[in-house]
Amino acid sequence: MYNNILDVKGLKVGQAQNEEALTGCTVVICEEGATCGVDVRGAAPGTRETDLLDPVNTIQKVHAVVLSGGSAFGLESTCGVSQYLEEQNIGFEAGPCKVPIVVGAVLFDLGIGNHKIRPDKQMGYEACLNASETVLKQGNYGAGCGASVGKLRGPEFVTKSGIGSHSIKLDNGIVVSALVAVNALGDVYENGTVIAGALNDDKTSCLNSYELMKQGVTKGGFSIDNTTIGIIATNAKLDKAQCKKISQMAHDGYARAIFPIHTPHDGDTIFTMATGEIETGADLTLIGSLAVEVMEKSIINAVKNAKEVSGIPSYNELKEELLVK
């Protein structure tokens with residue numbers, strides 16, 4: 001096992017980023033198509049084709065899910081994914097041609113790096129060219145390139161975050177995994193302790209944003225600069241309604257690892273992809289519970305794999321600072 005989303009057979013993950021501009025995109029490709037559902041909890045989302053995923057609507061499978069930086073501008077990256085899939089003759093049979101079904105969501109990373117450079121059609125295409133069944137880089141890659149957490153005190157006091165993944169395989173062969181780009185207003189917790197979030201004045205340790213809020217500290221900086229966007233993937237056979245339910249349950253993984261979460265300043269979104277390799281009898285309680293666990297651990301992995309950039313410290317730099325003290 002890879003202990004990440006690539007443990008789900010039939011999926012490829014590709015990433016591309018601009019390390020100077022601090023932005024990028026991540027694409028999960030399923031050439032044979034995957035049943036997909038979505039649940040949006042944040043109040044400031046940026047998405048593509050989420051209406052199509054409503055269980056009452058016609059299309060049953062998607063061929064790619066895109067996570068991107070760049071705020072609303074970053075939705076352009078999904079067009080590069082569509083172009084690539086069409087060239088590979090992958091898509092929904094629509095008479096004269098195949099139409100790739102591509103869904104996606106974006107996060108706001110314009111506050112760091114160069115806000116004039118965003119994931120575009122070319123970057124989305126490049127991410128597809130980089131797609132692999134065996135290699136997945138975590139941290140400052142793809143949609144996690146410009147991600148950060150702990151925005152309460154403004155952009156000067158955030159901690160670097162990134163993209164992370166984790167998976168679980170049961171004895172019966174069922175795999176449930178997550179991939180997430182963590183760009184939250186709130187802090188990231190592990191075992192009840194803040195490991196990444198709003199920094200103190202010296203940028204040497206993390207404060208507790210919730211406690212600061214209770215003391216009267218209010219959100220600093222631009223108000224729509226957050227969003228955690230992620231994917232649950234499983235080899236179980238699920239329909240669209242069941243995928244949506246798994247997405248709903250998986251938001252508990254956000255809540256276990258990030259707080260505050262689902263705020264008016266976040267666009268938190270989770271897609272669920274089901275490849276249908278294994279007939280499960282649709283034990284949604286189990287699959288949804290696994291989704292919570294892998295999402296929580298993916299968020300922690302995103303933080304722990306992130307590296308310092310542009311003066312924004314990461315978990316590892318903060319840990320070393322505390323050890324020195």
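Looking at this structure, is residue 26 crowded, with 19+ Cβ neighbours inside 10 Å, out of contact with any Pro (no Cβ under 9 Å at 6 or more places or on another chain) and not aliphatic (A, V, I, L, M)?
Numbers: crowded, with 19+ Cβ neighbours inside 10 Å: yes; out of contact with any Pro (no Cβ under 9 Å at 6 or more places or on another chain): yes; not aliphatic (A, V, I, L, M): yes.
It is true that residue 26 is crowded, with 19+ Cβ neighbours inside 10 Å, out of contact with any Pro (no Cβ under 9 Å at 6 or more places or on another chain) and not aliphatic (A, V, I, L, M).
Filter segment 29-44 for residues that are open to solvent by less than 70 Å² (accessible area, probe 1.4 Å) and not acidic (Asp, Glu) and give the result.
Taking segment 29-44 first, the residues open to solvent by less than 70 Å² (accessible area, probe 1.4 Å) are 29-30, 33-40, 42, 44.
Matches in segment 29-44: 29, 30, 33, 34, 35, 36, 37, 38, 40, 42, 44.
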Lone unmet requirement of (1) buried (at least 21 other Cβ atoms within 10 Å of the Cβ); (2) of a type in the set (Ser, Thr, Tyr); (3) over 18 Å from residue 37 (Cα atoms) for residue 254: (3)
Residue in segment 25-47 that is assigned to a loop (DSSP other than H, G, I, E, B), more than 14 Å from the chain's Cα centre (by Cα), over 23 Å from residue 138 (Cβ atoms) and not acidic (Asp, Glu) present: yes
Odd one out for residue 271 among (1) farther than 16 Å from residue 40 by Cβ; (2) open to solvent by less than 40 Å² (accessible area, probe 1.4 Å): (1)
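Which of the following residues is out of contact with any Asp or Glu (no Cβ under 6 Å at 6 or more places or on another chain) and closer than 28 Å to residue 245 by Cβ: 24, 80, 95, 46? Lay out the reasoning, then the answer.
Numbers: 24 fails: closer than 28 Å to residue 245 by Cβ; 80 fails: closer than 28 Å to residue 245 by Cβ; 95 fails: closer than 28 Å to residue 245 by Cβ.
Result: 46 is the single residue among 24, 80, 95, 46 that is out of contact with any Asp or Glu (no Cβ under 6 Å at 6 or more places or on another chain) and closer than 28 Å to residue 245 by Cβ.
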Subset of segment 286-313 (residues that are modelled with pLDDT under 95 and polar (S, T, N, Q)): 310
Qualifying residue in segment 199-206 (condition: surrounded by 19 or more Cβ atoms within 10 Å (Cβ to Cβ), in contact with a helix residue (DSSP H, G or I) (Cβ under 6 Å, 6 or more places away or on another chain) and in a strand (DSSP E or B)): yes
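The values are calculated or read from the model by the stated rules, or taken from the named source; none is laboratory data. Just so you know, these numbers come straight off a predicted model, no measurement behind them. As a convention, Cβ positions derive from the backbone with ideal geometry for all residues, glycine included, and neighbour counts pool all protein chains shown. These accessible areas exclude ligands, DNA and RNA; they are computed on the full protein's heavy atoms, side chains included. Shrake-Rupley method; radii C 1.70, N 1.55, O 1.52, S 1.80 Å.
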